[in-house]
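Colleague: A single structure is presented below for examination.
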Amino acid sequence: MAKVQSVEPNIADLVNGWLKSYKLPYKLEQESLNSEIDKALDEYYSKSGGKGGNRPDAKLLLQDKQLNYYPVLIEYKGYKGKLVKLDADGQVDNMTAKNEPNFNNIKNYAVNGAVHYANAVLHHTSYTDIIAIGVTGYKDSSGKLQHEIGVYFVSKDNFGVGQKVGDYTDLSFLAPEYFDDFIEKVKSLSLSDEELERIKAQREKEIDTSLRKLNQDIYENEKGLSENDRVYLVAASIIATLGVPNKVAPLEKSELKSLTEEGNRDGDIIVRKIRAFLKHKNIPEGKKELIVRTLSNTLLTENINKPVDGESQLKRVFSKIVDDLGIYYKIGLTTDFTGKLFNEMYGWLGFSQDKLNDVVLTPSYIANLLVKLARVNKDSYVWDFATGSAGLLVAAMNEMINDARNTIASPEELAHKEAKIKAEQLLGLEVLSNIYMLAILNMILMGDGSSNILNEDSLTFDGKYGYGKTNERFPADAFILNPPYSAEGNGMVFVEKALNMMNKGYAAIIIQGSAGSGKAKEINKRILKKHTLIASIKMPSDLFIGKSSVQTYIYVFRVNEAHHKDERVKFIDFSNDGYTRSNRKRAKNNIKDTDRAKERYQELVDLVRFGKSKLNILTENEYYENTIDPDNGADWNQSIPIDTKPTLEDFKRTVSDYLAWEVSQLLKKQGDTSGK
């Protein structure tokens with residue numbers, strides 16, 4: 001059978017003819033569109049997986065009536081069925097099961113290739129809205145050319161995955177007289193909450209993969225860098241490449257020249273860019289200087305700036321970080337980004353086992369659970385006395401901002417509220433300086449809520465704002481915590497300190513289970529003299545699998561109301577949370593929702609708030625209400641009592657079993673006798 005010949009040249013003639021008839025300023029494969037886009041396409045990995053050489057078959061830069069620019073990238077193919085390859089969820093399938101680029105699909109399908117180019121522009125330029133178009137075709141039995149068109153919108157808002165705009169038979173929607181209507185249609189596109197969550201989860205898996213590769217690369221190939229150096233280099237590189245619209249341009253790799261001239265070394269250039277960025281952010285002067293001073297200790301060392309074969313180690317590491325991670329923080333994922341980074345890097349940090357337990361990252365779904373259990377809303381004042389990478393505060397900030405957006409109708413009022421949430425309604429304490437830098441970076445990436453992340457010891461903290469209102473007490477009414485378990489009482493000492501500084505509100509902490517069964521007995525008794533234990537939740541034993549092996553509980557408190565001996569505490573066995581976890585190092589995903597996990601977590605929040613009436617998925621064997629003795633302090637981990645007294649049915653069953661055994665023995669003896 002004769003090999004089917006590609007009709008790509010025919011498709012190119014057809015589509016280029018359309019563009020010409022619309023009088024559009026299109027550029028072909030080898031032509032330049034503008035230096036920014038050309039450079040982005042050249043620096044991004046190619047369709048075959050190598051570096052550079054991305055060349056769309058046609059490209060344009062169009063402007064709508066609002067004077068916004070839209071890059072348009074077009075890819076041609078010449079075979080039937082080669083328009084687009086979608087995954088099981090109907091998204092453009094450009095990632096493998098290992099969360100790495102699927103170069104086979106990118107190379108062989110028109111839309112997949114165009115979306116790949118669009119991500120290059122999204123990653124390496126200031127453009128955040130791109131049109132990706134794929135066109136393929138074939139000749140039918142009569143020899144007539146048939147064509148198919150796929151039009152997708154790739155943007156920061158859809159995390160770069162691409163959304164189908166509509167079905168088209170030509171490209172006249174790009175013509176000047178129709179383009180504004182097309183853009184209105186593009187702007188009306190929306191993803192459901194479920195689709196956004198699925199895409200976000202996919203992108204977060206990709207972040208995990210990229211971070212692992214980056215960390216392994218730096219560890220194996222970049223000698224002389226300490227664990228702290230690696231953390232600070234990633235922080236510095238990200239801050240330097242964020243930029244401030246119309247004020248500070250993101251640092252480009254090409255700006256690092258690997259010079260030895262004092263003041264113009266690569267480290268000097270990065271420090272200047274960081275200073276420029278921080279100048280335009282709502283961050284107190286003292287904190288700006290602390291950030292610059294801490295990062296400079298790594299950035300300005302001699303060895304990292306010394307050129308070898310014309311390139312400094314700093315430029316090489318900077319380039320790796322930008323290439324591997326740039327897309328993720330540019331598209332604005334509201335994830336605990338540096339928490340993920342830290343969780344990868346802590347494996348190299350050489351902590352003792354106690355310290356390993358102390359610095360384990362709280363999974364994002366547990367952070368969200370704690371925030372909901374502490375009843376956080378837009379008006380809350382939230383603090384965390386063992387901030388770590390600020391994952392809990394990121395979760396609180398997102399919850400507060402979402403509540404504000406859902407309840408405030410005035411855009412001006414909403415903008416003021418969001419600024420206040422970030423600057424005044426969050427406070428975190430972290431005593432370890434290297435982790436403190438991660439917390440600051442995390443909050444900057446999440447939207448500048450870093451003003452009151454303080455490098456202080458929680459146990460000597462005076463309760464006042466660290467910046468801004470330094471003479472005022474922080475009016476905390478929500479407390480969330482995953483404490484260092486090696487501290488006194490497994491960390492309950494932090495709980496006592498925080499709750500006693502609050503006048504009202506709620507608290508939710510996740511802690512080692514032994515804290516509620518004797519290890520923190522005296523602290524717990526003191527806590528109950530002033531505060532009420534509402535709920536005790538037994539969490540899955542493998543919650544921190546691969547990182548820590550402790551059994552954890554969540555305790556929920558009502559603040560500033562002494563625990564009455566008749567108060568009914570909700571004891572919930574949440575060992576089955578619906579997730580199945582594994583500890584396979586090469587697995588693409590070590591946690592899977594296998595039994596309605598999201599619904600179970602919402603039900604848990606409802607049970608703590610409203611009681612037994614909310615039982616649905618969980619059973620009565622997993623929910624139990626009882627009192628505790630406020631003068632005991634070691635009875636916080638109760639489970640539903642098992643009645644060991646035999647019932648009449650138990651007796652009947654036992655007698656029945658015994659008689660059956662007796663009969664079988666008699667029959668057996670009778671059989672043995674007759675056999676002789």
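Colleague: With label points built 7 Å along Cα→Cβ from the Cα atoms of E488 and L659, find their separation and express it in nm.
Modeller: Output for this residue pair reads 6.6 nm.
Colleague: How charged is the neighbourhood of P176? Take every other residue with its Cβ under 13 Å from the Cβ of P176, and add Lys/Arg as +1 and Asp/Glu as -1. Kindly include the intermediate steps, with their values, before the conclusion.
Modeller: On the way: positive: K23, K65; negative: D64, E177, D180, D181.
Here the count lands on -2.
Colleague: Amide H to amide H under 5 Å from L454: which residues, 5+ apart in sequence or cross-chain, H placed 1.01 Å off N in plane?
Modeller: The list, which skips near neighbours in sequence, is G428, L429, E430.
Colleague: Identify, among A507, I270, T209, the residue whose Cα sits farthest towards the positive end of the charge dipole of the chain, taking +1 on the Cβ of Lys and Arg and -1 on the Cβ of Asp and Glu, with the dipole about the Cα centre.
Modeller: So the residue we want is T209.
Colleague: Strictly over 23 Å apart at the Cα level, which of K504/K565; K3/K80; K205/K281 would you flag in this model?
Modeller: Details: K504/K565 20 Å; K3/K80 13 Å; K205/K281 30 Å.
Checking Cα-Cα distances, K205/K281 exceed 23 Å.
Colleague: As I understand it, the value is the acute angle between the Cα axis of helix 648-675 and the longest principal axis of the Cα atoms of the chain; what does it come to in degrees, rounded to 10?
Modeller: 90 degrees
Colleague: Along the charge dipole of the chain, Cβ charges K/R +1 and D/E -1, which of Y22, N524, P56 sits furthest on the positive end?
Modeller: P56
Colleague: Taking the alpha-carbon distance from K652 and a cut-off under 25 Å, which lysines remain once sequence neighbours fewer than 8 residues away in the same chain are dropped?
Modeller: Counting by Cα, and skipping residues close in sequence, K652 has these lysines nearby: K668.
Colleague: Using the structure shown, select from K525/K645; K417/K592; K59/K185; K420/K538; K164/K598 the pairs with a Cα to Cα distance greater than 30 angstrom.
Modeller: In this structure, K525/K645; K417/K592; K420/K538 lie more than 30 Å apart at Cα.
Colleague: At a Förster radius of 41 Å, what calculated FRET efficiency corresponds to the Cβ-Cβ distance of I591 and T647, to the nearest 0.05?
Modeller: For I591 and T647, the calculated efficiency is 0.50.
Colleague: Summing -39500 (n - 2.57) over the DSSP H runs of n ≥ 4 in the chain and dividing by its residue number, what mean residue ellipticity at 222 nm do you reach, to the nearest 500 deg cm²/dmol?
Modeller: Taken over the chain, the calculation gives -13500 deg cm²/dmol.
Colleague: Additional query: By per-residue mean of other Cβ atoms within 10 Å, what is the highest-first order of 172-183, 308-319, 213-224?
Modeller: Details: 172-183: 16.1, 308-319: 18.1, 213-224: 14.0.
Averaged packing, sorted descending, gives the order 308-319, 172-183, 213-224.
Colleague: Across segment 215-221, in residue order, what do the Karplus-derived ³J(HN,Hα) couplings come to in whole Hz, using 6.51 cos²θ - 1.76 cosθ + 1.60 with θ = phi - 60° and x for Gly and Pro?
Modeller: Ordered by residue, 3J(HN,Hα) equals 5, 5, 4, 5, 4, 7, 10 Hz.
Colleague: Would you tally the net charge around R558, using a Cβ to Cβ cut-off of less than 13 Å, leaving R558 out, and scoring K and R as +1, D and E as -1?
Modeller: +3
Colleague: Please list 3J(HN,Hα) in residue order for segment 61-78, calculated via the Karplus relation 6.51 cos²θ - 1.76 cosθ + 1.60 where θ = phi - 60°; whole Hz, with x for glycine and proline.
Modeller: 10, 9, 10, 8, 5, 8, 6, 7, 8, 10, x, 10, 10, 10, 10, 10, 9, x
Colleague: On C-alpha positions alone, give me the angle between the axis of helix 433-447 and the longest principal axis of the chain, in degrees, nearest 10.
Modeller: Taking Cα atoms only, the helix is inclined about 60 degrees.
Colleague: Using the Karplus curve 6.51 cos²θ - 1.76 cosθ + 1.60 with θ = phi - 60°, what ³J(HN,Hα) values do you get for each residue of segment 200-213, in whole Hz, with x for Gly and Pro?
Modeller: 4, 4, 5, 4, 5, 5, 5, 4, 4, 5, 5, 5, 4, 5
Colleague: Next question. Search the structure for amide H atoms under 5 Å from the amide H of F474, placed 1.01 Å from N in the peptide plane, and list their residues when 5 or more places away or on another chain.
Modeller: Here the answer is K464, Y465, since their amide H atoms fall under 5 Å of that of F474.
Colleague: Then there's this: Can you give the % of DSSP beta bridges in the chain that are antiparallel, to the nearest 5?
Modeller: Expressed as a percentage, antiparallel bridges in the chain total about 70.
Colleague: Further question on the same structure: Just to confirm the number: angle between the C-alpha axis of helix 313-330 and the first principal axis of the chain, 0 to 90 degrees, nearest 10?
Modeller: It is inclined by approximately 80 degrees.
Colleague: Further question: Taking amide H positions as placed in the peptide plane 1.01 Å from N, state which residues far from R55 in sequence (5 or more) or on other chains have amide H under 5 Å from it.
Modeller: none
Colleague: While we're here: Taking the Cα centre of the chain as origin and charging only Cβ (+1 Lys, Arg; -1 Asp, Glu), how large is the dipole, in debye to the nearest 20?
Modeller: Working: 91 positive and 95 negative charges, 131 e Å.
Charge dipole, the chain, about its Cα centre: 640 debye, nearest 20.
Colleague: Take the alpha carbon atoms of segment 8-191, find their radius of gyration, then divide it by 2.2 N^0.38 Å using N residues; give the quotient.
Modeller: Here the Cα radius of gyration is 0.96 times the empirical estimate.
Colleague: Given (1) 3, 11, 15, 18, 20, 17, 10, 5, 1, 0; (2) 3, 13, 21, 21, 17, 11, 7, 4, 2, 1, 0; (3) 3, 12, 17, 16, 9, 6, 5, 5, 5, 4, 5, 5, 4, 2, 1, 0 as candidate values of P(r) over Cα pairs in 10 Å bins from 0, in percent, which corresponds to the one derived from the coordinates?
Modeller: (2)
Colleague: Hey, which aspartates and glutamates would be in cross-link range of K139, C-alpha to C-alpha under 15 Å, not counting anything within fewer than 8 residues on its own chain?
Modeller: E8, D13, E148
Colleague: Which length gain, in nm to one decimal place, applies between E252 and R526 when the Cα-Cα distance is subtracted from 0.36 nm times their residue separation?
Modeller: Taking 0.36 nm per residue and subtracting the Cα distance, the gain is 93.0 nm.
All of the numbers you see were taken from the coordinates with simple rules; none came from a lab. All values derive from a computational prediction rather than experimental measurement. In this analysis, Cβ positions are derived from the backbone assuming ideal geometry, glycine residues included, and neighbour counts consider all displayed protein chains.
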